[in-house]
1. Is there a residue being in a helix (DSSP H, G or I), surrounded by 15 or more Cβ atoms within 10 Å (Cβ to Cβ) and in contact with an Asp or Glu (Cβ under 8 Å, 6 or more places away or on another chain) anywhere in the range 73-82?
2. Among the candidates ARG283, ARG265, ARG274, which residue alone is over 19 Å from ASN140 (Cβ atoms) and either within 16 Å of the ligand (Cβ to nearest atom) or not acidic (Asp, Glu) (or both)?
3. Please verify whether the range 279-298 includes one or more residues that are assigned to a loop (DSSP other than H, G, I, E, B) and over 25 Å from GLY64 (Cβ atoms).
4. So which residues in the range 185-228 are among the charged types (D, E, K, R) and touching a Pro at 6+ places or on another chain (Cβ under 7 Å)?
5. Are any of the residues in the range 131-144 over 19 Å from the mean Cα position of the chain (by Cα), more than 16 Å from the ligand (Cβ to nearest atom) and either of a type in the set (Lys, Arg) or assigned to a loop (DSSP other than H, G, I, E, B) (or both)?
6. For the range 154-174, give me the residue count where each residue is in contact with a Gly (Cβ under 8 Å, 6 or more places away or on another chain), more than 14 Å from LYS212 (Cβ to Cβ), more than 14 Å from the ligand (Cβ to nearest atom) and outside any strand (DSSP E or B).
7. Might you check whether a residue that is in a helix (DSSP H, G or I), among the hydroxyl-bearing types (Ser, Thr, Tyr) and either under 20 Å from LYS90 (Cα atoms) or assigned by TED's automatic domain parsing to the domain that holds LYS86 (or both) occurs anywhere in the range 38-60?
8. Could you check how many residues of the range 317-337 are closer than 23 Å to VAL108 by Cβ, at pLDDT 95 or above and surrounded by 18 or more Cβ atoms within 10 Å (Cβ to Cβ)?
Amino acid sequence: MRIGILTGGGDCPGLNAVIRAVTRRAIETFGWEVIGFKDGWKGVLEGNYIPLTAQSVVGILHKGGTILGTSRTNPTKNPEDLIRVKENLKKIGIDALLTVGGDDTLSVALKLHQDGVKVVGIPKTIDNDISATDFTFGFNTAVSIVTDCLDRLQTTGESHHRIMVCEVMGRHAGWIAVHAGIAGSADAILIPEIPFDMEDLCLRLKKRHERKHFSLVVVAEGAKPIGGMEVLITREVDAFGHVRLGGIGQLITQEIKNRTGIETRLTVLGHIQRGGSPTAYDRALATRFGVSAVNAIHNGEFGKMVALRMEKIITIEIEEAILKNKKVDMELYEIASLFFA
Ligand code: F6P
C-alpha cells in the first residue's frame with residue numbers, strides 16, 4: 001500500500017505534527033509506504049514528491065510551517081489539470097491520498113473522491129471556520145499569539161492613554177478575534193458576522209475614556225461597517241476566487257481618532273499569527289487527526305474527513321465540512337460583549 005499526503009492553502013502551526021503522525025502511523029503500524037507531495041496540489045500536478053520515512057519526520061513535531069510546502073493551486077479550475085492530477089496519482093501508484101487543508105483544499109478532495117479517487121481529508125486553518133469540527137489545529141496557536149500581543153498592546157496603550165486597535169486574521173469568521181479578545185480583555189471586538197456601527201463604537205470608547213484612559217479594539221480583517229463593504233488590499237483573486245482582505249484596521253483607526261479626538265494607534269498582526277511553533281494543544285490535536293486519518297484509510301472510509309466533536313475524533317463526510325463556513329457562536333460573542341466599553 002502506498003499513500004500520499006499533501007498540505008494545501010495557507011500554512012498553519014501543526015502541519016508538521018500531522019505529517020509526522022501520518023508517516024509514523026502508516027509505516028510503523030501498517031507497514032505502508034508514504035510519499036509527500038510538494039506545495040499542495042501543485043506537487044500532484046507536476047509529479048513533484050518526496051518519500052517520507054520515520055527518519056525524515058524526526059524533529060519536526062514542534063516546528064511551524066510545513067516541510068512539504070504549500071500553495072493555493074486549484075486543479076479543478078482547468079479540466080485538463082484535474083485529468084493530470086488523476087493520471088499522476090495513478091502513475092505514482094497512490095492507493096489513497098490524505099489532503100490536509102481548509103475548505104478550498106477539501107473541495108478539491110471532494111471532487112476527486114466523486115471521480116473515484118480514494119481520499120481522506122484533515123481540516124486545517126488558523127481561522128477555525130470549517131464546519132463539522134469543533135476546532136481546527138492552528139487556531140489555538142493563533143489565539144495564543146494574538147492574546148500575547150494584546151497583553152503587550154495593553155501596557156503600552158495604558159502608559160500613553162491611547163486607544164489601541166489590533167487587526168487580526170479572519171476572512172469570513174471572527175473566531176480568532178473573539179477568543180483572543182476575551183482572553184486579552186478587548187473593549188470592542190469587530191467581526192465579519194456582525195456589521196458594526198462606527199458612531200456607536202466611538203461614543204462607547206469616548207465614554208470609557210472619561211474613566212479609564214485606555215482602550216483595546218480587536219478587529220477581524222473581514223469586519224465591515226453597517227451598510228459598508230469589506231476592505232480589500234487588492235481586487236485580484238487567487239485560484240479559488242478569494243480576494244485579499246486588509247485595511248479595515250487602518251480605516252477604523254482613522255475614524256476613531258477623528259470622531260473621538262483620542263490618540264489611536266494601529267497594529268496589524270498579519271502572518272505573525274500563522275508562523276512559528278504550535279502550542280501543546282495544537283500538537284496533540286494535529287497528532288490525533290494524523291493517526292485517525294490513517295486509521296480511516298485502513299478502514300476504507302474514503303470521502304471522509306476527520307473531525308473533533310466533544311473531545312473525540314470522528315469521521316464525517318467531506319461534503320458536510322465544506323457546505324458552509326462555521327460562523328462565530330453568538331452566545332460566545334455575547335459573553336465577550338459583557339466586557340466591552
Ligand atoms: O488561512 C486563512 C487565512 O489565514 C485568512 O485569515 C487570511 O485572509 C488568509 O489566510 C491570508 O493568506 P495569504 O496572505 O497567505 O494568502
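1. Looking for residues that are in a helix (DSSP H, G or I), surrounded by 15 or more Cβ atoms within 10 Å (Cβ to Cβ) and in contact with an Asp or Glu (Cβ under 8 Å, 6 or more places away or on another chain), one finds at least one in the range 73-82, hence yes.
2. The unique qualifying residue is ARG265.
3. No, because not a single residue in the range 279-298 is assigned to a loop (DSSP other than H, G, I, E, B) and over 25 Å from GLY64 (Cβ atoms).
4. Once the filter is applied, which keeps residues that are among the charged types (D, E, K, R) and touching a Pro at 6+ places or on another chain (Cβ under 7 Å), the range 185-228 yields only LYS224.
5. Scanning the range 131-144, I find no residue that is over 19 Å from the mean Cα position of the chain (by Cα), more than 16 Å from the ligand (Cβ to nearest atom) and either of a type in the set (Lys, Arg) or assigned to a loop (DSSP other than H, G, I, E, B) (or both), so the answer is no.
6. Of the residues in that region, 0 qualify.
7. The answer is yes; a qualifying residue exists.
8. Number satisfying all stated conditions: 2.
The values are calculated or read from the model by the stated rules, or taken from the named source; none is laboratory data. Not measured: the values here are computed from a predicted model. A quick note on method: Cβ atoms are made from the backbone with ideal geometry, for glycine too, and the neighbour counts reach across all protein chains shown. The accessibility values were calculated without ligands, DNA or RNA, using every heavy atom of the protein model including side chains. Shrake-Rupley method; radii C 1.70, N 1.55, O 1.52, S 1.80 Å.
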